[in-house]
Amino acid sequence: AKDDGRGTYRFFEPEMDAQLQRRRMLELQLRSANFDTDFELLFQPLVDLQTKKVTTIEALLRWTSTFHGTVAPDEFIPIAEDSGLIVPLGAWVLEKACTLASDLPPYINVAVNLSATQIRRSNVVDTISTILSETGLSPDRLEVEITETLLLDDNREVNSALRQLRALGVRISLDDFGTGYSSLAYLRRFTVDKVKIDRSFVADIVGDPDHLAIVQAIVGLTHALGMTSVAEGLETEEQLLLIRASGCDEAQGYLFSPPVPEDEIKEFLARRGW
Ligand code: C2E
Ligand code: CA
Ligand code: CA
Ligand code: CA
């Protein structure tokens, strides 16, 4: 549907973009979704490359729309962000993730992806501290994953929210590192705890010496700045060997486990002696 500027919508215009129409439909579906029945939270382990133990599980959201079936997060998250729905949905994710983590051994953390919108358009610090006290989860067991574009625009609100979260004891991870306008200045200015090296670098690490050099450089820099590094998207044993040799601290990927439902991640953790 297209807004004609008079508050009415004209459907089935010949020039109407099918993609735009799908987006509008998905937004309507999202607005009427029942979080508890239409969404599911999956969990994927992050493994310590020295001890081979799971350090963290990352919460990854799944949506099954009544009309559109399974919709990928890369499609529905941006819609949820633009419509502001990510605020209640993100709070739902945080609550579910912290509830699960409070039921796991204390050396296993939980990582939750945080959208820029959640920081800019809601009091995410209040939301998080309320959820932490309600679930009894120790703040240092929660890791929030943010992307570097969030750090780019030098916004006072964002800066202050991140500092408040760190003051609570919550850890900050920089997601998809290397894909945006990465700059070490951001790393220093915001003192993040973990840097997650984007899987596009890991994917080519075996065949492309440049990518291996980039990974080695990022790992070296994070260590020099007192941070840790995580390699994303590990799929093969060859990648694991190179990543481990680079000195990278942790890794995540299908090689260890895809994202799985709550009961399966618990089984996975129990099988590995937690
Ligand atoms: P991300 O945070 O970078 O999450 C990692 C993505 O890589 C996930 O895709 C995961 O399933 C996928 N992945 C993990 N291991 C491998 C691997 O070995 N190979 C390959 N090819 N892919 C792997 P997913 O679950 O489709 O999520 C896509 C993106 O959606 C996430 O990227 C994140 O940015 C966003 N997202 C997911 N859940 C949430 C959420 O609860 N809140 C927010 N704000 N964003 C979320
Ligand atoms: Ca992430
Ligand atoms: Ca990522
Ligand atoms: Ca991503």
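The values are calculated or read from the model by the stated rules, or taken from the named source; none is laboratory data. The model shown is predicted, which means the values in this text are computed figures rather than measured ones. Note: ideal-geometry Cβ built from the backbone for every residue, glycine included; neighbour counts use all protein chains shown.
Name the residues in the range 252-272 that are part of a loop (DSSP other than H, G, I, E, B) and either of a type in the set (K, R) or free of Cβ contacts under 8 Å to residues at least 40 places away in the same chain (or both), would you? Those that are part of a loop (DSSP other than H, G, I, E, B) and either of a type in the set (K, R) or free of Cβ contacts under 8 Å to residues at least 40 places away in the same chain (or both): Y254, L255, R272. The set of residues in the range 42-54 that are within 16 Å of ligand 3 (Cβ to nearest atom) and either of a type in the set (S, T, N, Q) or in contact with a helix residue (DSSP H, G or I) (Cβ under 7 Å, 6 or more places away or on another chain) (or both) comprises F43, Q44, P45. Go through the range 214-251 residue by residue and tally those that are of a type in the set (A, V, I, L, M, F, W, C), part of a loop (DSSP other than H, G, I, E, B) and under 21 Å from I172 (Cβ atoms). Count: 3. What about G207, is it away from ligand 3 (no atom under 16 Å from the Cβ), on the phi > 0 side of the Ramachandran plot and part of a loop (DSSP other than H, G, I, E, B)? For G207, the condition - away from ligand 3 (no atom under 16 Å from the Cβ), on the phi > 0 side of the Ramachandran plot and part of a loop (DSSP other than H, G, I, E, B) - is not met. Name every residue in the range 138-151 that is of a type in the set (A, V, I, L, M) and outside any helix (DSSP H, G or I), in order of residue number. Residues satisfying the conditions are L142, V144, I146. In the range 176-204, what residues are outside any strand (DSSP E or B), at pLDDT 90 or above, within 13 Å of ligand 1 (Cβ to nearest atom) and crowded, with 17+ Cβ neighbours inside 10 Å? Across the range 176-204, the qualifying residues are D198, R199, F201, V202, A203.
As a summary of the residue check, C98 satisfies the conditions (1) more than 16 Å from ligand 3 (Cβ to nearest atom); (2) under 29 Å from R22 (Cα atoms) except for the one numbered (2). Close contacts from the range 152-175, counting a first residue that is modelled with pLDDT of 85 or more and in a loop (DSSP other than H, G, I, E, B) and a second that is more than 16 Å from ligand 2 (Cβ to nearest atom) and hydrophobic (A, V, I, L, M, F, W, C), with Cβ to Cβ under 7 Å and a gap of 6+ residues or different chains, come to V170/I128.
Give the range 55-95 a look and list any residue that's β-branched (V, I, T), away from ligand 3 (no atom under 16 Å from the Cβ) and within 14 Å of the chain's Cα centre (by Cα), or say none. Answer for the range 55-95, where residues must be β-branched (V, I, T), away from ligand 3 (no atom under 16 Å from the Cβ) and within 14 Å of the chain's Cα centre (by Cα): just I86.
With respect to the conditions (1) closer than 22 Å to G233 by Cβ; (2) out of contact with any Lys or Arg (no Cβ under 8 Å at 6 or more places or on another chain), V170 lacks only one, and its number is (1). Within the range 34-53, being of a type outside the set (D, E, K, R) and within 14 Å of ligand 1 (Cβ to nearest atom) holds for F35, F39, L41, L42, F43, Q44, P45, L46, V47. Residues that are of a type in the set (S, T, N, Q) and under 19 Å from the mean Cα position of the chain (by Cα) were ranked within the range 142-166; the one that is nearest to ligand 2 (Cβ to nearest atom) is T147.
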